[in-house]
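The values are calculated or read from the model by the stated rules, or taken from the named source; none is laboratory data. Predicted, not measured: the structure shown is a model, and the values here were computed from it. Here the Cβ positions follow ideal geometry from the backbone for every residue, glycine too, while neighbour counts run over all protein chains shown. Ligands, DNA and RNA are stripped out before the accessible areas are found, and what is left, the full protein with its side chains, is counted by its heavy atoms. Shrake-Rupley method; radii C 1.70, N 1.55, O 1.52, S 1.80 Å.
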Amino acid sequence: QVETLKAKLLEQAQEISRLRSELGGTDAEKHRDLLAAENERLRQEMKAMEGELRELQRQQQAPCRDCPHLQENAGLQEQLSQLQREAEETRAKLVELDLEVQQKTNRLAEVELRLKDSLAERAEEEERLSRRLRDSQETIASLKSQPQQIKYIIKTVEVESAKVKQALCETQSRNQYLQEQVGMQKQVLKEMEQQLQSSQKTEAQLRAQIMMYEAELERAHGQMLEEMQAMEEEKNHAIEEAFSRAQVEMKAVHENLAGVRTNLLTLQPALRTLTHDYNSLKRQVRDFPLLLQETLRSARAEISQAIEEVHSTNRELLRKYRRELQLRKKCHNELVRLKGNIRVFGRVRPITKEDGEGPEAANAVTFDADDDAVLHLLHKGKQVSFELDKVFPPEASQEEVFQEVQALVTSCIDGYNVCIFAYGQTGAGKTYTMEGTAANPGINQRALQLLFSEVRGKAADWDYTITVSAAEIYNEALRDLLGKEPQEKLEIKLCPDGSGQLYVPGLTEFRVQSVEDINKVFEFGHIKRVTECTNLNERSSRSHALLIVTVRGLDRSTGLRTTGKLNLVDLAGSERVGRSGAEGSRLREAQHINKSLSALGDVIYALRSRQGHVPFRNSKLTYLLQDSLSGDSKTLMMVQVSPAEKNTSETLCSLKFAERVRSVELGPVSRKAELGSWPSQEHLEVLRTLLGDSPGSTAPPGRGHGSPSPGQLSSRSASIRRKLQTSG
């Protein structure tokens, strides 16, 4: 009942405090305060009663904790346990003695059995000897009765008496030995009997001690029972006193609870009011999820609207960023053009089945989603970033690549020298980018097709002539791919017109007028180019291929002549001899290729560091590209890289070389244009007057036209324009 009333009081107190906190105050606040104080007093009294009850319970559970009999009882119990341990030890010793007596008894029985056996053997031996003695005596008696054979009989008796004596001696010695053994056994038996008697005496003493210990144990057990009975009586008396005292206290508690009941009856109206308020609050809480859902719905709508606005703002910012990026790239390209920098494009070939499978064929090249001029290479666990002018991913088509270079190709028609060369390790796709296939041609064929298209578009005002030459550098020897003798070695020389440009005497030129002519030239040159199979590439180029396209134009209205040259170079790939498996002639080819590419690197380093001497003549390749790398040409390098993990070292070298090439400044490019014939004789006379020539003077012989050299004519044309402007 006490526990039940306590729980009810706690519930009522919690309910009152909760309702009070929810309502904040009512008209019966003073009355509730009084009831709360009364409840607190009753709670304290109940706690005191509970403490007394717990004390009584502890007394019942642990009676007579400080009683002196308990200590005496503990001492007696300890003595009893010690006596029990001593009795156990005595019993163990008694058992050991019993075992020892049993063992000695068994040994005595064995000795007695051996003694009996010895006595029996002795009796048998004595019986045998007595029989032999009787036989001997009978023989002697019989011999005495026969006097004729005395000598013989005496001898016989002597012989037999010796044997008998020997046997008798043996028997006597054996008998003496047996008697000694019997004496020894009797002595052992007497010792065993003495030990047995001492063991029996010890056993009797131990049994007397055990009986004494058992009597002592009986006496201690009786004393302990008497003390336990006295303690039990004292415990029962203490329990009765505590129970009577608890009954008196419980009566007082019941009286206090009756007062609490009356107080609770007075609190019922206040509880009804509080219950009503609680129900109203409960209804509000029940309706709260609907209100919360409505609020969340409106908040979601506002948040989604804000997110949409942020997305639209981000899209607009991204559009502006991309526009600014394109504008920056356009300005950068214009700056590159003005400075004469070598433009560098990068192209990554796709992973092929030749790369194999497994970790070595994993893709190690990634691209920047916002900048198409940046690529990242994962080399030895570290990411290295490179910035070029343009990067083509593996999925880029030949058409997309050519769209980026067609502006350079068309400037060839306007009289500029253009050079596009592909660089990279063997198997990186250089030949595919430059030549392509019949179904998907590369830069070479697309460039000529574009030139024909531009020429046809200007046919109303201009006359154009397009010639094509093809050469290769194989083992540091320049060979004509379109000539009748492809093994003939050609030399690179300076033009005799004093322009400082290079040309190759004896190099075959074909004039092309249609796409069919282009295909024939390409097919003819492709057949003669040296290619072999290595471990790195099934069809590896073993030489540097050069396609020279010369475009000569004549403006029929002004007589202006332009000469543009387009050099399309497919460099042989750098390769490691250990990986390519090159041997014999392949090894010699690889050595020449690597040597020429190393010379190209030396030239780029000299140009980048603005050295006074640039070693163009260290290799036929660099000497042939001198016009393209010395500032008089628009130059583009297409660096080809492999994305395979096993080729990351070569890819890293190629990209680092591309960054060095990109930083080279060649200076502004000049246009190759010369004035041809004037429309009238009057203009010619004016020209001669301005130049200070007599009417009868003749022009110096030129190269193929009877006209001045391009360098002289360009300087003269500039002075002519200045004089014409000053003279009106």
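Quick rundown of the values:
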item: Unmet requirement for Tyr605, which otherwise passes all of (1) under 47 Å from the mean Cα position of the chain (by Cα); (2) aromatic (Phe, Trp, Tyr); (3) open to solvent by less than 40 Å² (accessible area, probe 1.4 Å); result: (3)
item: Every pair of residues 6+ apart whose Cβ atoms lie under 6 Å, when the first sits in segment 127-138 and is within 18 Å of Ala162 (Cβ to Cβ) while the second is in a helix (DSSP H, G or I); result: Leu129/Thr171; Ser136/Val164
item: Members of segment 513-572 that are modelled with pLDDT under 85, in a strand (DSSP E or B) and open to solvent by 20 Å² or more (accessible area, probe 1.4 Å); result: Thr531, Glu532
item: Top-ranked residue in segment 332-354 [being modelled with pLDDT of 80 or more and more than 21 Å from Phe402 (Cα to Cα); ranked as most open to solvent (accessible area, probe 1.4 Å)]; result: Lys353
item: Filter result (touching a residue at least 60 places away in the same chain (Cβ under 8 Å) and open to solvent by less than 100 Å² (accessible area, probe 1.4 Å)) within segment 480-496; result: Leu481, Ile492, Cys495
item: Residue match in segment 225-244 (condition: basic (Lys, Arg), in a helix (DSSP H, G or I) and either open to solvent by less than 70 Å² (accessible area, probe 1.4 Å) or farther than 30 Å from Ala48 by Cβ (or both)); result: yes
item: Test for Val310: is it open to solvent by 60 Å² or more (accessible area, probe 1.4 Å) and at pLDDT 85 or above; result: yes
item: Residues of segment 626-669 classified as part of a loop (DSSP other than H, G, I, E, B) and at pLDDT 85 or above, total; result: 2
